[in-house]
Structures are given as C-alpha cells and as structure tokens.
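Structure, as structure tokens:
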Amino acid sequence: MKQTESSRPLLTTCVVDVAEAAVSLVWPMIELTVFQREGSEKLEHKLRIQAGGVSAVAVLNDSPTADAIWQALPIHAQASTWGDEIYFSIPVSQPEDNGKAVVDLGDVAYWPPGNAFCIFFGPTPASRGSEIRPASPVNVVGHLAGDPHVFKRVNPGTRITLEAAIE
C-alpha cells in the first residue's frame, strides 16, 4: 500500500514521570519520553538472598558498588562462613569506596580484596567486644530488611543465590 502525505501516521508525544533514568522510545506511531523529575529519588533496588532454607531481602544503597552487583544478578555461589559472617565470591570487581572497618548488624557489603559479597549477622573472629569487624574494610552496599540472625542456620558450602526481589 502506498502512503500519501495525508495518510502518514501521526507522531504522538506522551510524557510519563517516573523516578528512573531518562529514556526516550520512538515507535512508528508513538514517541514516549520518560524522565526523572529533579530532586526525585532513585528507584529502590531490593535483593533476594536465598541460602538453603533461609530467604531474606536486602535493600541496596545508591553506590557504584551496589549498582555493579545489581547489574551482575543473578549470582549463584557456595557460602563460606567466618564467625557470624557469610561471604562468597561474586563476578564483580570494584575498588574500595568509603570502606568501613566496622559494620552494623544486618549490613551487606562487598569485600574488594576477595571480590566477595558479605552478610554480617554478628561478630567475626576479628571483632573486639560486641562490634562487627570484617577482615579488612568493606564497601557497605545495603542492609537486610529482616532479622539477620536467620543466617546462623546457613552452613559452609550451602548454595546461595542473589537475585532481584520481585514484590
């Protein structure tokens, strides 16, 4: 079918306000522009952690390391333990960024020297008193939404999965 000037599809513009990066999609009949309003917050990334019979959700922060982990999902590994910490290698390589030598109960972090994801649910062998001390400074990338003590049930060698939490 031959198109004439008067039979060309109309180009329609639709603007949608969401808290996500700017995106513009053009389709033969529709142009859609999505933008982030100045001052609006970034969408929250929630991470599901599954380790044997234990399942928990962590809310990731807005850091380059958290973004790199998010982009690498899903991640499957074997859990290792060090005191009340679970750690495992992940396919992410990030430098130390605002590294913390002492973390809070329920923090999840990235350990640069081992390219490892860490879940802190109590003291480690390096802790002094009741503090929670990683082997060396870590990039805290988020915090568990529930009770961190559920991870006491995870044994070394347990298969662990990190994936986007769909709620």
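Where a number appears in this text, it was derived from the coordinates with a stated rule and is not lab data. Just so you know, these numbers come straight off a predicted model, no measurement behind them. Note that each Cβ is placed from the backbone with ideal geometry, even for glycine, and that neighbours are counted across all protein chains shown.
Numbers at a glance
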| item | result |
| --- | --- |
| Taking the stretch 46-164 and dividing mean pair separation by its residue count, relative contact order in percent (alpha carbons under 8 Å, at least six apart) | 38 |
| Where labels lie 7 Å past Cα in the beta-carbon direction, separation of D147 and N115 in nm | 3.6 |
| Length gained when the stretch S130-K100 is fully extended (0.36 nm per residue, less Cα-Cα span) | 9.2 nm |
| 3J(HN,Hα) from dihedral phi, the stretch 90-98, Karplus parametrisation 6.51/-1.76/1.60, rounded to Hz, x for glycine, proline | 10, x, 9, 10, 9, x, 5, 9, 6 |
| Label point distance in nm, H76-Q50, each placed 7 Å from Cα along Cα→Cβ | 1.0 |
| Convex hull of Cα atoms in the stretch 46-164, direction-averaged projection (nm²) | 6.1 |
